[in-house]
1. If each DSSP helix of 4+ residues adds -39,500 (n - 2.57) and the sum is divided by the residues in the chain, what number results at 222 nm, nearest 500 deg cm²/dmol?
2. Pick the calculated Rg and Dmax of the Cα atoms in Å for this structure from (i) 18.8, 67; (ii) 31.7, 114; (iii) 25.0, 86?
3. State the percentage of accessible surface on the chain attributable to carbon and sulfur atoms; use a 1.4 Å probe and exclude ligands, DNA and RNA.
4. Peptides 68-76, 51-59: what's the order by average Cβ count within 10 Å, highest mean first?
5. Over 16 Å apart: what share of the alpha carbon pairs of the range 100-162 falls there, rounded to a whole percent?
6. Which order do peptides 134-142, 195-203, 93-101 fall in by mean Cβ count within 10 Å, highest first?
7. How much accessible area per residue does the chain have, in Å², with a 1.4 Å probe?
8. Considering only DSSP states other than H, G, I, E and B, which chymotrypsin sites (Phe, Trp or Tyr not before Pro) in the range 145-178 qualify as loop sites with at most 12 other Cβ atoms within 10 Å?
Amino acid sequence: MSAVRPNIPVTKRSSARRLRRLPLHAGAALTVLVCLFPVYWMAATAFKPSRDIQSATPQLVPHTWTLEHFRTAVHTAGFARFWCNSLLVTGGAVLLSLVIALGAAFAVARMRWRGRRQFVLAVFVAQMAPWESLIIPVYIIARDTDMLDRLVTLTLVYFMVTLPFTTIVLRGFIATVPPELEEAARVDGCTRFGAFRRIALPLLAPGLMATSLFGFITAWNEFAYANFLIIKNQDNRTLPVWLSSFKNTFGTDWGATMAASTLFALPALAVFLLLQRHVTSGLAAGAVKG
């Protein structure tokens, strides 16, 4: 005999389901609040007058709004130059890592060759290595090759940092594309490269966007290498190093620092909003596929 289920109204079942999910929603809301509050405090401080910033009583919402700190940040010497430097270095590193990693990921995902597993293991080890441990070797190499104070050096370093992750994620995406599609294109007369470019590459758009976002944020926010490798030629500084320059005889100008930090965060935020729909699928595919 089949068990008789009680006839529970739909409204009661939906209410019970909402109650069970309430702790999850509360935890998610708390997590979002904790993560966003420092960003809100940064932006709110940028709009506060200096007297309110230095007040002993913190103001959660500014009583008086001002754009003075933004004017100070924008009119700082070298503002436009440092923006261009960051854009050039970040864009160059992202493009290089995408091109090189795409070829490496295709070779790992589609071809069978001796040492392939060892190569994948080496890529994972390179991804796990802390970037800070490489500062001294990179500095010595740049010094001995006369590459200090050059934007191309920063571009190559950021390319080196983002390459392992980009290779891992794109390998997972290429593994999700059925090889039969490329084989059918090759039967129709395409070369291996032509089949990959016409068939597989358009399907890799989410992976390319996810890795581009990671590379952009990594290179855009990086401070340590930019501070150590750009020493004498201050015109080649990037925005993260520029943020540390808002000091006067009385200490740090926190209003201008927060305004500059807000302006600095806008490009990364814009790129994330444009690509965020592809981030989750890109990271998941790179983590579990292949």
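The values are calculated or read from the model by the stated rules, or taken from the named source; none is laboratory data. Note that the structure is predicted; figures quoted are calculated from it, not measured. Quick reminder, even Gly has a Cβ in these numbers, built from the backbone with ideal geometry, and neighbours come from all protein chains shown. To get the accessible areas, we keep the full protein, side chains included, count just its heavy atoms, and leave off ligands, DNA and RNA. Shrake-Rupley method; radii C 1.70, N 1.55, O 1.52, S 1.80 Å.
1. -23000 deg cm²/dmol
2. Only one option fits the structure, namely (iii).
3. 67 percent
4. 68-76, 51-59
5. Roughly 57 percent, once rounded to a whole number.
6. My ranking of the peptides, most packed first, is 93-101, 195-203, 134-142.
7. Per residue, the chain has an accessible area of 61 Å².
8. Answer by residue number: there is no such site.
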